[in-house]
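In what follows, a single structure is set out as structure tokens and then discussed.
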Amino acid sequence: MLWGGAFSEPSDADLRALQDSISFDKRFYKQDIIGSIAYARAIAAAGILTDDEAATIVDGLRLVLKEFEGGTFELKDGDEDIHTAVERRLTELVGSVGGKLHTGRSRNDQVATDFRLWVLEAMAQVDALLADTQTAIIEKASEHVETLMPGYTHMQPAQPITAGHWLMSFFWMLSRDRDRLSDIAKRAAVSPLGSGALAGTPFDVDRSLLAQELGFHAFTQNSLDGVSDRDFVAEFLFALALVGTHLSRLAEDVIIYSNPLFGYITLNDRYSTGSSIMPQKRNADPMELARGKAGRLIGNLTGLLATLKGLPSSYDKDLQEDKEAVFDSVDNVVLLLPVVTAIIKTLHLNPDKLKAALGEDMLATDLADYLVRKGLPFRQAHHISGQAVRMAADQGTALSGLSLESYQELSDLFTADVMNVFDFGASVAKRKAAGGTAPEAVRQQIETAKNWLAQHQGVHSIQLK
Ligand code: ARG
């Protein structure tokens, strides 16, 4: 036990069950040990440890690390958290000199350091998985630069688009997610070590060197803030919640488009599931899980914010609640992303179904644009096109089924070339300004996306040695 000198009775078992965090913070073992190795060197430089003592402690810590990595580390009763467990084992291995390691340090600056290191590694992992998803999107979109499909607003048929354009929309969402991770990593890569419990360290520890040793790019400027700042946790949970939200929106499209009523998409057998009772079923379960998991990712974020909002200055035990939310969010995103990537890769788009779903009403805007090109203000053109839609409905025909005379009843600007409007491919091809759905613009968009991928820097990475 790391404390208890002033206590005359041991902790109650129920209290221990409530307060021990070892069951989950043992995931920090590597960060905790590497942090301690750097700290041992820093306090040796400050004259707290002799070089021999420092070497003994560092060797001992390396042994403890080996035990964890080899799966031979044995937890003991009294190992309250990972920090306690490591120090207990170190002292068993090297004797009482192990007890010098914690000089000037508190579990408050220690846990904040461990967690930042862990989060940075997790950010890099999520970032790499997002890059795979982006690559899959580019590949699939490249196959469908010319594939026509209905575009929707309000889930109502709106205008024809290309399937490549639809797919690429998700590329840009994920690019913002990755930018966000890089940005958050900058603030996470700041070392709180040397903040002590709350007031700083009385020893001559070189915090800058210590930060550098651990791969941080800076150290915290205020010890109270240093031990209690969990912005990096909230930001990471937000980033993950937004990743989940983006995947959930993709999932919703895929679920709808793979419904037989639409039939736009067929999911690969390996990535869809059947029903135990209804043999005909082909369910998009993994996509429904993507949609469902977005809920828990958002819950983890709001839970943490609620935990943080009322805390008084510096460390409070409430902060121990920060970890499981992050572990849960990271684990779920790491579970989900490879499946989403595989689904995108193996997705079969059915061009015939997509084309059959295009209705000429979706060219009503193009009809208005036709009149605009002949000099009519758009507002009037919109009205006349609407009248044509209504007239066609009344006559039980499509827009191209109305006679030229009928069009000319609505406006004398209509001439025989109005029939050229009713061509889905031509409609899409016109939208070739940058960012539009024309095959030409989508090819350009894909080039830009490839450059983005090639140039993206990724997150501030920390290699723990
Ligand atoms: N397990 C604790 C946590 O996760 C470590 C810090 C404990 N600090 C303390 N003053 N009791 O926050």
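The values are calculated or read from the model by the stated rules, or taken from the named source; none is laboratory data. Fair warning: this is a prediction, and the values are worked out from it, not measured in the lab. Here the Cβ is made from the backbone with ideal geometry for all residues, glycine too, and neighbour counts use every protein chain on show.
The helices (runs of 4 or more DSSP H) falling completely within region 376-439 that include 2 or more residues that are closer than 15 Å to Asp366 by Cβ and not charged (D, E, K, R) map to 378-394, 424-430. How many residues does region 304-318 contain that are part of a loop (DSSP other than H, G, I, E, B) and out of contact with any Ser or Thr (no Cβ under 6 Å at 6 or more places or on another chain)? Count: 5.
Residue count for region 287-318, restricted to those that are acidic (Asp, Glu), in contact (Cβ under 8 Å) with a residue 40 or more places away in the chain and closer than 22 Å to Val333 by Cα: 0. Would you check if Gly295 is modelled with pLDDT of 95 or more, out of contact with any Gly (no Cβ under 6 Å at 6 or more places or on another chain), under 25 Å from Phe115 (Cβ atoms) and more than 16 Å from the ligand (Cβ to nearest atom)? It is true that Gly295 is modelled with pLDDT of 95 or more, out of contact with any Gly (no Cβ under 6 Å at 6 or more places or on another chain), under 25 Å from Phe115 (Cβ atoms) and more than 16 Å from the ligand (Cβ to nearest atom). Looking at the structure I just gave you, is Thr91 in contact (Cβ under 8 Å) with a residue 40 or more places away in the chain, more than 16 Å from the ligand (Cβ to nearest atom) and of a type outside the set (Gly, Ala, Ser)? When the stated conditions are applied, Thr91 does not pass them. Report yes if some residue within region 145-167 is closer than 21 Å to Glu447 by Cα and surrounded by fewer than 17 Cβ atoms within 10 Å (Cβ to Cβ); otherwise report no. Taking every residue of region 145-167 in turn, at least one turns out to be closer than 21 Å to Glu447 by Cα and surrounded by fewer than 17 Cβ atoms within 10 Å (Cβ to Cβ).
The residues listed here are Val372, Val459; of these, the one that is surrounded by 14 or more Cβ atoms within 10 Å (Cβ to Cβ) and more than 30 Å from Phe236 (Cα to Cα) is Val372. Pairs please, first residue from region 319-343 and part of a helix (DSSP H, G or I), second anywhere and within 16 Å of the ligand (Cβ to nearest atom) and of a type in the set (Lys, Arg), Cβ atoms under 6 Å, 6+ apart in sequence or on different chains. Every condition considered, the pairs that remain are Asp322/Arg230. Cβ-Cβ under 6 Å, sequence separation 6+ or interchain: first residue in region 115-130 and over 19 Å from Lys345 (Cβ atoms) and at pLDDT 95 or above, partner among the hydroxyl-bearing types (Ser, Thr, Tyr) and surrounded by fewer than 23 Cβ atoms within 10 Å (Cβ to Cβ). Which pairs? As it stands, the answer is Ala124/Ser461, since those pairs meet every condition given. On inspection, Thr103 qualifies as polar (S, T, N, Q) and away from the ligand (no atom under 16 Å from the Cβ). Annotation note: Cβ proximity below 6 Å between a residue of region 52-81 that is in a loop (DSSP other than H, G, I, E, B) and a residue that is within 16 Å of the ligand (Cβ to nearest atom) and modelled with pLDDT of 95 or more (sequence gap 6+ or interchain) occurs for Asp79/Ile22; Asp79/Ala85; Glu80/Asp20; Asp81/Ser21; Asp81/Ile22; Asp81/Asp25.
State yes or no: is Arg105 crowded, with 20+ Cβ neighbours inside 10 Å, charged (D, E, K, R) and under 38 Å from the mean Cα position of the chain (by Cα)? So Arg105 passes the test. Just one residue in the set Phe170, Phe115 is aromatic (Phe, Trp, Tyr), away from the ligand (no atom under 16 Å from the Cβ) and part of a helix (DSSP H, G or I); that residue is Phe170.
Looking at Ile137, Ile82, can you tell me which residue is among the β-branched types (Val, Ile, Thr) and away from the ligand (no atom under 16 Å from the Cβ)?
Details: Ile82 fails: away from the ligand (no atom under 16 Å from the Cβ).
Sole residue among the options that is among the β-branched types (Val, Ile, Thr) and away from the ligand (no atom under 16 Å from the Cβ): Ile137.
Taking the conditions exactly as written (touching a helix residue (DSSP H, G or I) at 6+ places or on another chain (Cβ under 8 Å), of a type in the set (Gly, Ala, Ser) and farther than 30 Å from Asp109 by Cα), does Ala357 satisfy them or not? It is false that Ala357 is touching a helix residue (DSSP H, G or I) at 6+ places or on another chain (Cβ under 8 Å), of a type in the set (Gly, Ala, Ser) and farther than 30 Å from Asp109 by Cα. In the condition set (1) within 34 Å of the chain's Cα centre (by Cα); (2) surrounded by 14 or more Cβ atoms within 10 Å (Cβ to Cβ), Leu363 is compliant with all but (1). The condition (being within 16 Å of the ligand (Cβ to nearest atom) and farther than 21 Å from Phe424 by Cβ) is satisfied by just one residue among Leu347, Leu337, Leu308, Leu301: Leu308.
All told, Arg249 falls short of being buried (at least 18 other Cβ atoms within 10 Å of the Cβ), touching a helix residue (DSSP H, G or I) at 6+ places or on another chain (Cβ under 9 Å) and of a type in the set (Lys, Arg).
Checking the stated criteria, Thr72 turns out to be away from the ligand (no atom under 16 Å from the Cβ), surrounded by fewer than 23 Cβ atoms within 10 Å (Cβ to Cβ) and of a type in the set (S, T, N, Q). Does Ala185 qualify as being among the small types (Gly, Ala, Ser), out of contact with any Gly (no Cβ under 8 Å at 6 or more places or on another chain), closer than 18 Å to Arg116 by Cβ and within 16 Å of the ligand (Cβ to nearest atom)? Here the answer is no, as Ala185 does not meet what is asked.
When Val97 is tested against the conditions (1) surrounded by fewer than 19 Cβ atoms within 10 Å (Cβ to Cβ); (2) more than 16 Å from the ligand (Cβ to nearest atom); (3) of a type outside the set (Lys, Arg); (4) in contact (Cβ under 8 Å) with a residue 60 or more places away in the chain, the lone failure is (4).
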